[in-house]
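See below for the structure under consideration.
What follows draws every value from the coordinates through simple rules; no lab data is involved. Remember, predicted model here, so these are calculated numbers, not experimental data. Neighbour counts run over all protein chains shown; Cβ positions are idealised from the backbone, glycine included.
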Amino acid sequence: MIVQKDFLSKLKDFGLNSYESKLWTALLSRGVSTAGELSDIANVPRSRSYDVLESLEKKGFIIVKLGKPIKYVAVPPEEVLERVKKKIKEDADISARMLDELRESDVLDELTLLHKQGIDLVDPTDISGSVKGRDSLYNHLDYMIKSAEVSITLITSTEGLLRKFEMFKPALKKAHKRGVAIRIVAPLTSEVLHITEELDGIAEIRHNENLPARFCVIDSKEVLFMLMDDKQVHPSYDAGVWVNTQFFATALEQLFELAWKDMKPLQQLKH
């Protein structure tokens, strides 16, 4: 039986390794079979077949048939999918409970104290780093927004505003409730007007069409700026630089102030 490599690679989403994928698909094609038969069909060494089949049984992908010789029965893929989904949820719940317990423990306090003491000893020029991939960029940006105490200045693209609205709306609302002043700038086209209406009570929004940039300044202390045009780069290749320096952040925000004055407020665009 020949199974395409790209098909087998997709079975990793089920939590299967290469041998497990080969033996399971072989058994699916036969319905019921012995380890030896499956080994030959799937081109898996016989010395490994029994261990791999035992692993598949524990994961709920197959059933061991009573009698001799030992044969294996394939569980229908629909049922397997439900079992995998249930297992993922159970593992996630366990991990979440462990993290909640850690949050309430002395361990977190000790780790936080250790981090603060370490940061105090670090030269400000060392508190910087590159961030690769849009998911990583947004994870760090989410952390920055949640940590904001005074101000958030965000400039982005039209597409970026759509993405950030979905991901950061809860964090921006909470920041607004904390009294953080939020300013957002983007090209406000018709496709984002419904978003700006929701954000209008949370942030001060202005239209930008002459300043192609993507960055965020938090509390005039730290900056995350993206290096690429998001229209021309795949999300996984997006990249940015994070710096934690009041000197640069303040200078950047002062330059932003000059451009801010000439940008049209949201209210003017509605008329």
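Does region 128-269 come out rounded, prolate or oblate, given a ≥ b ≥ c as the square roots of the eigenvalues of its C-alpha gyration tensor, rounded meaning a/c under 1.5 and, failing that, prolate meaning a/b above b/c?
On the way: a/c = 1.30, a/b = 1.14, b/c = 1.14.
Because its axes are fairly even, with a/c under 1.5, region 128-269 counts as rounded.
Between Rg and the Kirkwood Rh of the chain, both from Cα atoms, what is the Rg to Rh ratio?
Details: Rg = 26.8 Å, Rh = 23.1 Å.
So for the chain, dividing Rg by the Kirkwood Rh gives 1.16.
As a test of the formula, what do you get for the chain when each DSSP H run with n ≥ 4 contributes -39,500 (n - 2.57) and the sum is divided by the residue count, at 222 nm and rounded to the nearest 500 deg cm²/dmol?
On the way: 11 runs with 143 residues, N = 271.
Helix-only estimate at 222 nm: -16500 deg cm²/dmol.
Pairing the Cα long axis of helix 18-30 with the longest principal axis of the chain, what angle in degrees results, from 0 to 90 and rounded to the nearest 10?
Tilt of helix 18-30: around 50 degrees.
Grab the beta carbon distance between LYS86 and VAL64, set R0 = 22 Å, and tell me the FRET efficiency rounded to 0.05. Walk me through the numbers before you get to the answer.
Working: r = 21 Å, r/R0 = 0.95.
Using R0 = 22 Å, I get an efficiency of 0.60.
For helix 46-59, report the angle its Cα long axis makes with the longest principal axis of the Cα atoms of the chain; keep it between 0 and 90° and round to the nearest 10°.
Between helix and principal axis, roughly 60 degrees.
Test of understanding: ordering TRP24, TRP260 by Cβ neighbours within 10 Å, fewest first, what list do you get?
Details: TRP24 27, TRP260 17.
With the sparsest Cβ surroundings first, the list reads TRP260, TRP24.
Distance cut-off 18 Å, Cα to Cα: go down the list LYS132/LYS231; LYS59/LYS85; LYS22/LYS59; LYS59/LYS86; LYS173/LYS264; LYS22/LYS85 and report the pairs above it. Let's see the in-between values first.
Details: LYS132/LYS231 16 Å; LYS59/LYS85 12 Å; LYS22/LYS59 15 Å; LYS59/LYS86 11 Å; LYS173/LYS264 23 Å; LYS22/LYS85 21 Å.
Going by Cα-Cα distance, LYS173/LYS264; LYS22/LYS85 fall outside the 18 Å limit.
So what is the relative contact order for region 5-76, in percent, with contacts set as C-alpha pairs under 8 Å and at least six apart? Before the final figure, lay out the partial values.
Working: 84 pairs, mean separation 21.8, N = 72.
Reported as a whole number, the value is 30 percent.
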